[in-house]
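Quick notes on the structure that follows.
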């Protein structure tokens, strides 16, 4: 391969070409599809912001373009080179000569054993730069993001925001032609986010760097030439200069906004008519077979028909919590007080890093607050011991963590049974309740399948079934739809609503998903 | 690569503790292997020294001998030979042939310096007129030995300590003399002045040899010095012979060859055993390095994201592995250096010598460099190559190695057997590793409705089974290796015990002196019994011949008291056709084994016999037996004519008249014997009748005390006479269906007038009564007339080997010739082997000692006397003490415990066992560390832990679950290891044999499964691991307890 850099400079349009790309993650725990026909062109020097819900495939798109992951199908071309056809050596050389990559987690980018200036200088040295020149470059970049006085610190001595800024410096150190940045402002406060965005924009403009920026941050599109929305692994919308357009994929795939579908009353089927040059889409009746299936399927309901418990009363009293130690210490919750209504769906929202998961862990008694207290049915978790809090979880709480770890070699139902057995439920009753919960999350057909063999979304639903079956008045769920497609996200939203309304559960859900937020009876917004 | 180097340096500097475990494992492995490699020469030296220590001082001497006159040139050449060998100045020896001085045959000799070889210094210069000498062979009866021009004056006595200078030890009865062992040597007159003695002109005509000798300091030789020494000796020999063909050169070539073979074998054996064990220990390195895999993989991801090329990534992985391995290898080498220095010093070889011939050599350095490269490659491959693929390849190798190992347990003598067992152990560990994941999942499913805590423990292990499987596999390997070491030890001990028992069936074996004096001749059985504080079995050891297929087969024949057979050590049920106690009972005759002759009254001083021999002059000898069993002969005289009387004086004491021996007078005997030897059908043979009767015991005054009837006596050998024994006829032999032709019974007498049974006649009775008619054949051999003995009536029951049994006639009848005497035998059992029978014998015949003694004595009185004693003792101390001093010290004594100890402590076998035990101990220690390290990783897996906590598991649950998880892993690992050990037990046999110096031990080794030891080892392993788990959990579960 001749110099990629020279080729890239000579190619003006497009620098990145993604054509109908599918990407399946093959892991020890099973396969899961993330990109499902994504198509995108990025011109040289263009700054593109990629938006979309969690699990939509944004990060996979960036990793695929960076050559860190090979597409399962389709073509990803960078500077004219087909990533899928390049070997590991070729992809490494492409990154070496062309790409700066900033992943979602700064810990995965910067060597924890190097001082920041060396960690930032490392990409330069890997490209043959002298140590002195590399460190000079590192100091220059660190100065530009306000870390000039901390260049001797180790990664562990930096705050989350500082780490992200250092990671951005490392990604820019070797003057890449293409910068791929995944949530560069996710852990930053508003002011820092503005600074980082400014650095990216200025580098892009000054040096003609092509930027692909993935973000949840609503302000990120402000620095971009173009914004694309990705959902369910496909590009759904492309917006330039404030004007958006739906993307028409190969074969005529168009993804309509769920709000528009809901407003038009379109559920599973639609009629499409072309009328005077316009396409008109209207709701259609479900297919006969589908009707039969839906009739046969049990209604979405809570696992147990007649709950014997009362919804949990939850109260937050001046709750404060900091994470990290020393210079890294960061206060994620400060004097948070509220009394969400019992037996309702409560949504916890806020940007990434605002403390949503921390709050849920405090509610579940998995962590203790620095100050303040959490009362569940009047019982103070601050004064309860670890055993008492664990006992409370067994007796009252169903909990779905953000990153659940169901047992891969057990079936879906078996995982639920195991949780119920842990709570002292007899084997027969546990099996019955587990079956009901698995059915409720729509995994009846996969009930006996090993969790390792199901997709990531299905595994998340299996974990949700576990939480639903185990809840006795308090259901705590963290981003339950982050890995789900739109339909299943809707189903989960329905389940959570029903759990609160019919199953006498107090449901507390941390989420970015507007569907769930929209159905919430009470919203706790963090970081606002 | 500068960036990669910076990163590697920073990682090494910031968190060195992350490398601790793999570095520890690797350092211990390298240290262990290097120690084993270095111990090879040490063990070889010990083995060589064990061989050399068995050489006598004479066998250790380098000697140059000159036949003929001594010239200055010859002397210079001889002395130069020793200088070239870097040996001390040799002793000079002059040995003359025997010469008659003053009418006495003496042997002048000179040794210079005399004090080096005797207990006396030189008596002074030797001049022809006065040559002071020392007597080296006891009292001579005179002190001056002279001839014209030579006067040797004995001025004292000296004892020569070794046979080295003269070729014999003067005065030693076992020394080969003119008439063989024990024959007389002319007394040696010894001076310390070689030149003086040599210059006595009067003796110049006496043939002499000059020799120079010096003893090699064999005890200081190391194994690696033997070959060079042997080369130097050979070169010196060649140079010397080139100077003059009259020189001869002797050196301990054979001993050095044997020692060198031992020294060369030891490193190979140890390398095989230690190499295999080290391969098993490498599993720990894999285990510990596996813990680093996640950390290194994360760093690799960071590098890739930062734009590193593949070469950068490879350099990073290889660089980290290289420095880690370099440090570990150096640490291991330091450990080994210390160990070898200590062991070398302890063995007397010296730390410097031991190190300079093991580690501190170019080969040692290359081996360490090779180890560093191999370990670096292994750690690099672990990160670069998918672990599952590596494990699959290892599993294939494992299955192959196991199949090979189990298919060839009987490949005795194959040195690869030593390597195969540890390798198979390692291979089995890989199989365990691959099987553990499925096993854990199966366990979880079997507990579907069981206790949830147990289910969770299985889930915890199986959820991410790689680390637990590796830990379990390592435990299995450690336990398996330990179990194999136990089996090896048990087989070694059993083999040593069996070999020792094969040489000494009870606790001690006392054999005759070199001069063939038997133990019972030196001390009566009662004294031996008192010394032994146990039982003493008198054993007759001789040879028997029988005809098989037209050829005469000669085999060892042993007469062992049947009562002692069940007490033989090392007897295996498979050795005989029936249990030894049953066979012992079959050997015993239903009645007495010997019928005694008449007991002579205490006052008897003469024995008188009337002989009627009209055609033959016959010499009559009475054979007497003392109560102790000692046999003596009293010549009564020569009888000829119609009415001759022979009489002999009895020795004092109590005697039984066992038999009368008839021989031809000496001249005729010689003539007949000579002619018969040339032609058995010679005309000189004739069988002529005799009449013997009127046998009386007389007192000192010639008055008869006892008259004895010979009418029932039977002839044997050259004598033919029919007889009957009424006692036997009425006894058990008739009851057994055996009809004796004649009868007679023994009757002990206590004195004059006592009842002497059928032999007794009234004192002063007719002398013609009770006469025996004998037909005596002139064959040159004696004829025996004695009471009818059981051997005349029933065959001697014998146990024989299968080949001998096949030669027996129908009913097991076997006609033997024992010591040339005919003995009818019947085979009553078959044995595959019998202790003390030399290996390579064509077979063997075992009879009850008293029965065989009786049968032999019946043919030739005294011929059945026991040769040796098999002694069983509860306390060997007094026996050892008694055998170490006085006349008993001349006997050849062997203690079973000494042989067993010698065999069990054979340097090579002991070193291999030590290697295996050290490897097992090391592996067991590392297994505990590995278990904690591997499984405590699950505690740090926040995702799994949090998930479990989120489902309601409290700290108590978590702690209990973790402990149960660790205990489960320990139990599974130990059980798997025990199974591995049991599977590998058969290999212990071939391993012991491979490490042995004997290619085919006698008896053959058998597989020993040390069930109790294995069970203890397994139980101890589980207990240690569980205890370590509980202690470790207390520390590690802090996080879970929050």
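Structural remarks
- Scanning region A:366-408 for residues that are within 9 Å of another protein chain (Cβ to nearest Cβ) and on the phi > 0 side of the Ramachandran plot yields a count of 0.
- Among the conditions (1) surrounded by 24 or more Cβ atoms within 10 Å (Cβ to Cβ); (2) within 13 Å of chain A (Cβ to nearest Cβ), the only one that residue B:468 does not satisfy is (2).
- Meets criteria (surrounded by fewer than 19 Cβ atoms within 10 Å (Cβ to Cβ), closer than 28 Å to residue A:232 by Cα, more than 10 Å from chain B (Cβ to nearest Cβ) and free of Cβ contacts under 8 Å to residues at least 24 places away in the same chain) for residue A:432: no
- Every condition in (1) closer than 17 Å to residue B:900 by Cα; (2) out of contact with any strand residue (DSSP E or B) (no Cβ under 8 Å at 6 or more places or on another chain); (3) at pLDDT 85 or above holds for residue B:524 except the one numbered (1).
- Any chance residue B:962 is under 58 Å from the mean Cα position of the chain (by Cα), at pLDDT below 80, crowded, with 20+ Cβ neighbours inside 10 Å and more than 10 Å from chain A (Cβ to nearest Cβ): no
- Qualifying residue in region B:19-39 (condition: closer than 30 Å to residue B:307 by Cα, within 12 Å of another protein chain (Cβ to nearest Cβ) and surrounded by fewer than 23 Cβ atoms within 10 Å (Cβ to Cβ)): no
- Among residues of region B:107-139, those that are under 14 Å from residue B:165 (Cβ atoms) and assigned to a loop (DSSP other than H, G, I, E, B), counted: 6
- Region A:98-120: number of residues that are in contact (Cβ under 8 Å) with a residue 24 or more places away in the chain, at the interface with another protein chain (Cβ under 8 Å from one of its Cβ atoms) and out of contact with any strand residue (DSSP E or B) (no Cβ under 7 Å at 6 or more places or on another chain): 4
- Within region A:219-262, being without any contact (Cβ under 8 Å) to a residue 40 or more places away in the chain, assigned to a loop (DSSP other than H, G, I, E, B) and under 18 Å from residue A:45 (Cβ atoms) holds for one residue alone: A:241.
- The listed residues are B:458, B:433, and the only one of them that is buried (at least 21 other Cβ atoms within 10 Å of the Cβ), more than 34 Å from the chain's Cα centre (by Cα), at pLDDT below 80 and closer than 30 Å to residue B:298 by Cα turns out to be B:433.
- So residue B:155, is it at pLDDT 85 or above, surrounded by fewer than 22 Cβ atoms within 10 Å (Cβ to Cβ) and in a strand (DSSP E or B): yes
- Here residue B:527 meets the list (1) within 27 Å of residue B:875 (Cβ to Cβ); (2) part of a helix (DSSP H, G or I); (3) in contact with a helix residue (DSSP H, G or I) (Cβ under 7 Å, 6 or more places away or on another chain) almost entirely, failing just condition (3).
- Hey, residue B:926 part of a helix (DSSP H, G or I), in contact (Cβ under 8 Å) with a residue 24 or more places away in the chain and farther than 30 Å from residue A:420 by Cβ or not: yes
- For residue A:83, the stated conditions do not hold, so it cannot be described as crowded, with 20+ Cβ neighbours inside 10 Å, at the interface with chain B (Cβ under 9 Å from one of its Cβ atoms) and under 23 Å from residue A:214 (Cβ atoms).
Conditions tested, residue by residue: (1) away from every other protein chain (no Cβ under 14 Å); (2) modelled with pLDDT under 90; (3) in contact with a helix residue (DSSP H, G or I) (Cβ under 8 Å, 6 or more places away or on another chain).
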position	(1), (2), (3)
B:305	no, yes, yes
B:311	no, yes, no
B:337	yes, yes, yes
B:357	yes, yes, yes
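- Within this structure, residue B:843 passes the test of being at pLDDT 85 or above and on the phi > 0 side of the Ramachandran plot.
- Residue B:64 vs. criteria over 15 Å from residue B:249 (Cα atoms), touching a strand residue (DSSP E or B) at 6+ places or on another chain (Cβ under 7 Å) and buried (at least 22 other Cβ atoms within 10 Å of the Cβ): no
- The set of residues in region B:817-834 that are farther than 13 Å from residue B:799 by Cα and buried (at least 16 other Cβ atoms within 10 Å of the Cβ) comprises B:817, B:818, B:819, B:821, B:823.
- Residues of region B:503-520 satisfying the condition of being surrounded by fewer than 16 Cβ atoms within 10 Å (Cβ to Cβ) and under 16 Å from residue B:864 (Cα atoms): B:516, B:517
- The set of residues from region B:335-372 being loosely packed, with under 15 Cβ neighbours inside 10 Å and in contact (Cβ under 8 Å) with a residue 40 or more places away in the chain is empty.
- Annotation for region A:283-306: at least one member residue is in a strand (DSSP E or B), more than 23 Å from residue A:500 (Cβ to Cβ), at pLDDT 80 or above and touching a strand residue (DSSP E or B) at 6+ places or on another chain (Cβ under 7 Å).
The values are calculated or read from the model by the stated rules, or taken from the named source; none is laboratory data. Since this is a predicted model, take the numbers as computed values, not measurements. Neighbour counts run over all protein chains shown; Cβ positions are idealised from the backbone, glycine included.
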